[in-house]
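Worksheet: the structure to be examined is printed underneath.
The values are calculated or read from the model by the stated rules, or taken from the named source; none is laboratory data. Since the structure is predicted, the reported quantities are computational estimates derived from the model, not experimental observations. We place every Cβ from the backbone using ideal geometry, glycine too, and count neighbours over all the protein chains shown.
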Amino acid sequence: MNERLVILGSKGGPAIRPGGPSPTSSLLEIGGRRIVIDCGLGVSRGLVEAGVALSGLDLVLITHLHSDHVLELGPLLHTAWTAGLKKKVRVFGPVGTKAVWDGFLASLRYDIDLRIDDEGRPDIRDLVMIEEFGEGHLLEEDGLLIEALRVDHPPVTECYALRISHAGRVIVFSADTAYFPPLAVFAEGADILVHEAMHPDGVDRLVARTGNGDRLKKHLIASHTMAADVGRIAASAGVGHLVLNHLVPADDPEISETHWTEQTRTTWDGDLTIGRDGLDLQLPPSKSKRKIA
């Protein structure tokens with residue numbers, strides 16, 4: 001398996017616009033595992049365009065239950081099922097994830113039962129295992145370790161950064177969070193840190209466009225991290241490569257990749273990539289292969 005990180009959806013927030021990016025989701029292929037992180041609208045299409053056979057889904061991780069991270073969980077699993085999924089898929093998510101899945105199953109009960117009877121498919125309800133988690137270890141098997149840290153994303157209390165390790169390599173996903181210094185400890189020494197980011201110049205224009213006024217602005221300021229503060233986290237953690245994702249705003253024509261870079265470079269001088277839909281990054285080799293080289 002090609003070991004890589006693919007940003008499937010780079011936009012923060014649930015709205016989509018013509019020609020614009022999709023909400024948040026990522027793919028991590030590491031150690032022979034195929035891991036989907038978050039399931040914003042467009043994740044199924046993003047996976048297919050990244051060359052992934054949906055019938056080969058393995059692990060799905062949900063950081064929190066905002067719609068731009070979980071809206072397409074059910075449709076992704078159902079689409080994988082109609083594409084030939086026959087093996088079990090494990091879904092890890094915070095408290096409430098099972099209710100999301102059960103609600104989806106209820107809404108599609110007619111279609112599911114019909115396809116089982118008419119097309120001879122296995123029962124999707126037997127193929128998907130939902131495991132709700134809190135802070136700490138999620139999974140440790142075959143050299144893969146997944147850990148979670150509760151971050152600061154009010155008013156959501158069940159929101160978790162994820163640290164995924166295999167063969168000496170570490171990839172960390174911040175989830176949605178305000179500036180949260182403990183995240184630097186959690187991400188210490190990571191090869192790649194994928195961190196949400198907000199650009200200060202775009203907040204007022206975004207609020208004006210959505211029409212939610214002061215309440216939305218207060219939420220954005222209290223619950224997300226400015227790009228310069230993302231750089232502070234990366235520098236404190238000593239990560240190898242910083243990838244900005246869940247960009248707020250991601251579709252403002254007045255804010256280019258150069259503007260994101262300028263903000264982040266005020267505090268971070270290491271390797272930097274601005275996320276975009278379809279971005280494909282090769283993972284560094286395992287430590288054993290580095291030693292051989």
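Here the stretch 207-227 is the region considered, the condition is being in contact with a strand residue (DSSP E or B) (Cβ under 7 Å, 6 or more places away or on another chain) and of a type in the set (A, V, I, L, M), and the residue that is surrounded by the most Cβ atoms within 10 Å (Cβ to Cβ) is A227.
Taking every residue in the stretch 216-232 that is more than 16 Å from H195 (Cα to Cα) and pairing it with any residue that is in a helix (DSSP H, G or I) and among the hydrophobic types (A, V, I, L, M, F, W, C), at least 6 positions away or on another chain, the pairs with Cβ-Cβ distances below 6 Å are L216/V207; K217/V207. Residues in the stretch 224-258 that are within 26 Å of V6 (Cβ to Cβ) and either among the hydroxyl-bearing types (S, T, Y) or part of a helix (DSSP H, G or I) (or both): T225, A227, D229, V230, G231, I233, A234, A235, A237, S256, E257, T258.
Candidates in the stretch 27-62 are the residues that are touching a His at 6+ places or on another chain (Cβ under 6 Å) and of a type outside the set (G, A, S); of these, the one that is nearest to H224 (Cα to Cα) is D38. Residues that are assigned to a loop (DSSP other than H, G, I, E, B) and among the charged types (D, E, K, R) were ranked within the stretch 105-163; the one that is nearest to G84 (Cα to Cα) is R121.
Here the condition is being on the phi > 0 side of the Ramachandran plot and crowded, with 19+ Cβ neighbours inside 10 Å; of H195, H199, H246, it holds for H246 alone.
In the stretch 26-43, is there at least one residue being surrounded by 24 or more Cβ atoms within 10 Å (Cβ to Cβ), part of a helix (DSSP H, G or I) and in contact with a helix residue (DSSP H, G or I) (Cβ under 7 Å, 6 or more places away or on another chain)? Yes, the stretch 26-43 contains at least one residue that is surrounded by 24 or more Cβ atoms within 10 Å (Cβ to Cβ), part of a helix (DSSP H, G or I) and in contact with a helix residue (DSSP H, G or I) (Cβ under 7 Å, 6 or more places away or on another chain). When D58, D68 are checked against the criterion of being over 22 Å from H246 (Cβ atoms) and not aliphatic (A, V, I, L, M), D58 stands alone in meeting it.
Among the residues of the stretch 124-157, those identified as within 17 Å of L57 (Cβ to Cβ) and of a type in the set (V, I, T) are I124, V128, I130, I146. Tell me, yes or no, whether the stretch 82-91 has at least one residue that is crowded, with 16+ Cβ neighbours inside 10 Å, in contact with a helix residue (DSSP H, G or I) (Cβ under 9 Å, 6 or more places away or on another chain) and within 30 Å of T177 (Cα to Cα). Within the stretch 82-91, one or more residues are crowded, with 16+ Cβ neighbours inside 10 Å, in contact with a helix residue (DSSP H, G or I) (Cβ under 9 Å, 6 or more places away or on another chain) and within 30 Å of T177 (Cα to Cα).
Yes/no per residue for (1) out of contact with any Pro (no Cβ under 9 Å at 6 or more places or on another chain); (2) closer than 30 Å to R209 by Cα:
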site: P18; (1), (2): yes, yes
site: G31; (1), (2): yes, no
site: C39; (1), (2): no, yes
site: R45; (1), (2): yes, yes
site: A50; (1), (2): yes, no
site: L59; (1), (2): yes, no
site: L73; (1), (2): yes, yes
site: K98; (1), (2): yes, no
site: I112; (1), (2): yes, no
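Contact map, the stretch 184-211: residues that are more than 23 Å from D38 (Cβ to Cβ) and of a type in the set (G, A, S) paired with residues that are modelled with pLDDT of 85 or more and not in a loop (DSSP other than H, G, I, E, B), Cβ distance under 8 Å, separation 6+ or inter-chain. Pairs shown: G189/V170; G189/A237.
Just one residue in the set R115, R205, R163 is over 17 Å from G231 (Cα atoms), at pLDDT below 95 and basic (K, R); that residue is R205. Applying the criterion of being among the small types (G, A, S) and assigned to a helix (DSSP H, G or I) to the residues of the stretch 57-104, the residue that is farthest from the chain's Cα centre (by Cα) is G103.
With the condition kept exactly as written, say whether any residue in the stretch 48-55 is out of contact with any helix residue (DSSP H, G or I) (no Cβ under 7 Å at 6 or more places or on another chain) and closer than 17 Å to H69 by Cα. No; the residues of the stretch 48-55 include none that is out of contact with any helix residue (DSSP H, G or I) (no Cβ under 7 Å at 6 or more places or on another chain) and closer than 17 Å to H69 by Cα.
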